[in-house]
Amino acid sequence: AMPARDDARAQPLRGGDVERGSLSVEGPGGASAAPKVRGEYSAGVQIFVFCFFSLMRALHPLIVKTAVDPVTKKVKHEGISVPLAESLISLVAAQLVALLHGGIREWKIIWHGKALAIFSVVGFFLGLGDILELQSLGNLSGAAYQVLCQSKMIITAFMLMGVKGQKQSPMQWILLLLLTLSLCCYIIIKELMLAKARGSSDAVVTDDDPALLIRGAFWTLMKVGISCLTAVLLDKFMKDFKDEPIHVQLAQFKVAWFITLFVLSFFVGNAWEHGMFHDWTVRTGVATASFAVKNWSSAYLLAILDSLLKNIGEASAVILTYFLTIFHPEMHDTYENETFIAVLLVFLSVVAYLLSKSDAAKLAKFDQWQAQQRGRA
């Protein structure tokens, strides 16, 4: 049984305050302030959070690119130290928050057997996801990575159908097919533009070539698959632990998360040959901070934004990343009408599918009501 709480104490953000299944794709975050009900936030606050959320999602892959060797296109030996350091810092910080907020009794909740076991499984997959993210960004530009990450809609739909029996409407299947084709169009157009650039003597060399694009797409789909799996797992089990504060859940995630990254550090790159942190720079520290901001802020932001706005915000990050990549002084991408139209097509396909989900839910309720009325007649 969970320890009794002092009702006079300000209650932290809890798992139940965030929509189930929304915590796992990017990892949980935390806040010690008592959350408001989503409807209590003004439109101005929600707009600000939406813009901040989209910008954070757009900047993160560009920042993480600093942990990738621009020549070999592989994770540098200190690359894995970025998520490893963030996991250790977050694990310690989450425990300190628990001790400061609820004392030793709240700290003991972290080590509660069932919750720790389930969240450790998810933490293991999230640790793998960090490595796959670094591998993906070693082969792709930030814009290409963001575009391919939108395949999560397709993968999640199949996983939910297999795990929970949640079916898609015919319209949703058409939109998922449209999203699939738009992703294929992006890859094909990207390869055609690269082939055209190689045939030009004054072409600018970009981060992507066909071989790297295919390899990066493979790592990205692996990363997206793991993220979707963790989303489905939490959607299935989160209701059992909805009363746990988010910083407690964060600590439970980070136990296995840190152990997974620590073990993988012996196999990925040559991190221990020269020392894990021997050539850290300011940029490496910024990349570590980016991981921390993403993990700690996600859940609190999702407590303000509903699921629809959250997903649209992530889709908007695709376009933002595309333009940030073009105007970034160290990136070599150039604006291309064909590529931009392909990116826009992916964005609109995602938004159309997201908007169809609420309509499909309403139609399902209406069909259920009609069946009940026929049964009474």
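The 1.4 Å probe gives accessible areas that order 327, 241, 158, largest first, as 327, 158, 241.
Extending 7 Å from the Cα toward the beta-carbon at both residue 335 and residue 96 defines two label points whose distance is 4.5 nm. The modelled label-to-label distance between residue 328 and residue 371, using points 7 Å beyond Cα along the C-beta direction, is 4.9 nm.
Ranked by the mean number of other Cβ atoms within 10 Å of their residues, highest first, the peptides 184-192, 87-95, 138-146 fall in the order 138-146, 87-95, 184-192.
The values are calculated or read from the model by the stated rules, or taken from the named source; none is laboratory data. Since this is a predicted model, take the numbers as computed values, not measurements. Ideal geometry is used to build each Cβ from the backbone, glycine not excepted, and the neighbour counts take in all protein chains shown. The accessibility values were calculated without ligands, DNA or RNA, using every heavy atom of the protein model including side chains. Shrake-Rupley method; radii C 1.70, N 1.55, O 1.52, S 1.80 Å.
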